[in-house]
Each structure stands twice: as C-alpha cells, then as structure tokens.
Amino acid sequence: MRQKPGIYEKVLGCLLGAAVGDAMGAATETKSTRQIEQIFGGRVRDFQTPPEDVPAAGRNPGQITDAFSIPYVLTNHLLRAGGKASRRLGEDALLEWGKSEWFGPFAGMTTRKVINRLNEVQTMGTWAYAGQLGNKLFKGHYYALSSNGAAVKAYPVGLLNPDDVEKTIADTIELTMASHDDPLSISGACAIAAAISKGMSGQTGVYDMVQAAVYGAKNGEALARKRDDVWIYPGPSVTKRIEMAIEVVLRGGEYSRRPMEELRDLIGCGPAIAETVPTAIGLFIAHQGQAMPAIYDGVNIGDETSAIAALVGALCGVLNGAGSICEGYLEVIEAANGIDLRSQAERICDLISS
C-alpha cells in the first residue's frame, strides 16, 4: 500500500497538479474533442506547442496561462499577509497580475473589467468594453460574470486552512468578491476551496473531498446571498450541477464507460462556473483521484481545458501528493515559467505549521 503523502507533498502536489493541468490544457483551449484529435493526432498526454488560433498562441510547451498564474500571484500575497484573506488583498493581487505578461493574452472579460476599473482605465478596446457592467453583450452571457475565474484561484485558501472548511468558505468569499461579486461564482469557488481544505487532511479520500465540495458550494452561495454587496442574477445552481455530475459518473450502463464525454455533453465544459467546476469534480470522481488520467481528460474534453485540467490537477494533487504527477514535470513547469513551486510550497507549510 502506498504511504499517504505528507503535508509538504500535498501542498506541492496541489500546486504542481494545477500548473501541469493549466500548461497542458493551454494547447487545446477552445477546441472541441474532435478538433484536438485532428490537430494533435490523438489525445494530448504531454505538453504541446499551442496552435496559432488559441489564446496561448506563440507560447512554448509547458508555459502556464491565467488559470495558474493568477492563483500563483494570489498565493504570494496571502503568504506575505500571514494568510489573512480580504477583498482588498484579492484586488492587490489582481493589480499585480495585471502588470504581468499573462494579462494581455489571457485576461477574461470579468478579470479584465475588474483590473481596468482598479486602474481607472478610460480607454478600452472592444473586448475590455464587453466586460463593462451594463453592456448588453456582457449581461446577456452570464458566464462572463459567473465564470470559472473565481474557481481557479480558490485553491490557495484551502491549502492555508487545512481541514477547516468553515474558515475556508469565509475567506474564499472575501477573496472572490474582489473579482466575482455574485453568489454563483462564490458558490463554485467555495466548492473547490472546501474540497482542497478537506484534502489537506491526512485521513481524507475522494468521497470526503466531494462531500466538502457540495457543502462549500451550498453554504458559500447561501452566505453570499445574505450580503448587501453582491449582484444577484439568473443562472444555474452550481450545487445542483455538482450533484448532477456525481450522478453522471456514478450511475451504471454506457455512462460509466465514457465519463469525459458524458460530462462534456450533459454538464458542459465552457467558461461558466456551473460547467467548469462540476465537470472538474466529475473527472476527479471518475478517476478516483488519479492525477494524470484525470488531467488528461481535462485537457482533452475541449473548450475551457486549461481551467478544467488545472482544477482537476489541484484536487488530485492535494489528495495524492506531488509523486502522483509525472516525473520531471516539476522541472519543466519551473523552467518554462520562471516560477518556484517548491519554495512556495515550503512557505505555505511554514505558515500553516506556525
């Protein structure tokens, strides 16, 4: 029997899993499963050079996108603040990220809107304008508001609050409000953060983490709806979509043989948080927390592959540790992006043990 990973291995596993999923998914982002197979000659199972018509065009294999770079920057801000989360801290992290190389090609409508507002930018391009509240296009597509950007940056809170789901939910709400001030985004972010927090426990398993995700989604949304500073608008329930994803994966028959395809076709793999988060959790269940098979499905499912694979990688990585990720990938990620995951993991461990 494989020995359960220690705290450092769990933390590094979460960081590395998220980074690998993001970087590998960068090459398949926006493509359908069929297009991915046609472009790459089959399923993608390694870092690839992104095609010219995806957001990561021109970048090298192994380079990350916003799905990992935003939480990486946010984690550094949380560490400097001693783990104390606040809306202001979340805004400061976004401002720093907005000055990075990742902002131009990868900032989505919601994140771009927030950073432009924080910087008081008056002259905007078409895409930035689409992120202005009141714009008909923006309001007509709720995913531009309740987007997966809230979820991909949620895992640091779970790491810093090991096995403390209630505090994780409270802190996640504050940080999410910096960019996604609606109950649906908060629900999805709390689902991921709560699962990661539970995953930091030495005695946890897939079932415990999924139950924590459902609890986080439900209670995060309920707490958000009690606030006076949230914007409430129509959209599907993240909690019910997670429950749907669980059913899709666990029921028998033809569905159990093709979880990736069934999640893609029934839940969706687009930018809406009610698609990305439930589908990522579904893949996590389908592969029983096995990191690489789950990440591969996230990379090949289509559309929002970086976000889905990053979330799956974070969930699997915290459960099974850095040893569950392909050997050599840590060095690839650090060299390709000029980041130090090992140092960040050590600082997280120092803080939670202090």
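The values are calculated or read from the model by the stated rules, or taken from the named source; none is laboratory data. Computed from a prediction, not measured in an experiment: that's the story for all the values here. Glycine also receives a Cβ, built like all others from the backbone with ideal geometry; neighbour counts cover every protein chain displayed. Just so you know, the surface numbers come from the protein's heavy atoms only, side chains and all, with ligands and any DNA or RNA stripped out. Shrake-Rupley method; radii C 1.70, N 1.55, O 1.52, S 1.80 Å.
I'm trying to understand the selection: among the residues of region 319-354, which are assigned to a loop (DSSP other than H, G, I, E, B) and touching a residue at least 24 places away in the same chain (Cβ under 8 Å)?
321, 325, 326, 339
How many residues are modelled with pLDDT of 95 or more, part of a loop (DSSP other than H, G, I, E, B) and either among the polar types (S, T, N, Q) or open to solvent by 50 Å² or more (accessible area, probe 1.4 Å) (or both) if we restrict to region 202-226?
Qualifying residue count for the region: 1.
Scan region 259-291 for residues that are touching a helix residue (DSSP H, G or I) at 6+ places or on another chain (Cβ under 9 Å) and open to solvent by 20 Å² or more (accessible area, probe 1.4 Å) and report the count.
10
Check off (1) in contact (Cβ under 8 Å) with a residue 60 or more places away in the chain; (2) open to solvent by 20 Å² or more (accessible area, probe 1.4 Å); (3) in a helix (DSSP H, G or I) for residue 75 and give me the number that stays unchecked.
Of the numbered conditions (1) in contact (Cβ under 8 Å) with a residue 60 or more places away in the chain; (2) open to solvent by 20 Å² or more (accessible area, probe 1.4 Å); (3) in a helix (DSSP H, G or I), the odd one out for residue 75 is (2).
So which residues in region 329-351 are among the β-branched types (Val, Ile, Thr) and within 16 Å of residue 74 (Cβ to Cβ)?
Answer for region 329-351, where residues must be among the β-branched types (Val, Ile, Thr) and within 16 Å of residue 74 (Cβ to Cβ): 339, 348.
Would you check which residues across region 302-318 are under 10 Å from residue 280 (Cβ atoms) and outside any helix (DSSP H, G or I) and list them?
304
For region 29-42, what are the residues that are assigned to a loop (DSSP other than H, G, I, E, B) and surrounded by 14 or more Cβ atoms within 10 Å (Cβ to Cβ)?
The answer is 29, 30, 31, 32.
Under 8 Å between Cβ atoms, at least 6 apart or on separate chains: pull out the pairs that start in region 20-39 with a residue that is at positive phi and end on any residue that is acidic (Asp, Glu) and buried (at least 16 other Cβ atoms within 10 Å of the Cβ).
30/303
Could you tell me whether region 81-100 includes any residue that is open to solvent by 40 Å² or more (accessible area, probe 1.4 Å), among the basic types (Lys, Arg), closer than 20 Å to residue 345 by Cβ and assigned to a helix (DSSP H, G or I)?
no
Give region 176-201 a look and list any residue that's closer than 26 Å to residue 321 by Cα, open to solvent by 10 Å² or more (accessible area, probe 1.4 Å) and of a type outside the set (Lys, Arg), or say none.
201
Answer yes or no as to whether residue 293 is without any contact (Cβ under 8 Å) to a residue 24 or more places away in the chain, within 24 Å of residue 201 (Cα to Cα), part of a helix (DSSP H, G or I) and not small (Gly, Ala, Ser).
The answer is yes for residue 293.
Residues are listed down the side, and each one gets a yes or a no for (1) closer than 22 Å to residue 206 by Cα; (2) over 15 Å from the mean Cα position of the chain (by Cα); (3) modelled with pLDDT under 95:
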position	(1), (2), (3)
238	yes, no, no
251	yes, yes, yes
258	yes, yes, yes
267	yes, yes, no
283	yes, no, no
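Looking only at residues in region 294-353 that are more than 20 Å from the chain's Cα centre (by Cα) and of a type in the set (Ser, Thr, Tyr), which one is modelled with the highest pLDDT?
343
Just for region 341-351: of the residues that are closer than 11 Å to residue 12 by Cβ and of a type outside the set (A, V, I, L, M, F, W, C), which one is surrounded by the most Cβ atoms within 10 Å (Cβ to Cβ)?
The selected residue is 344.
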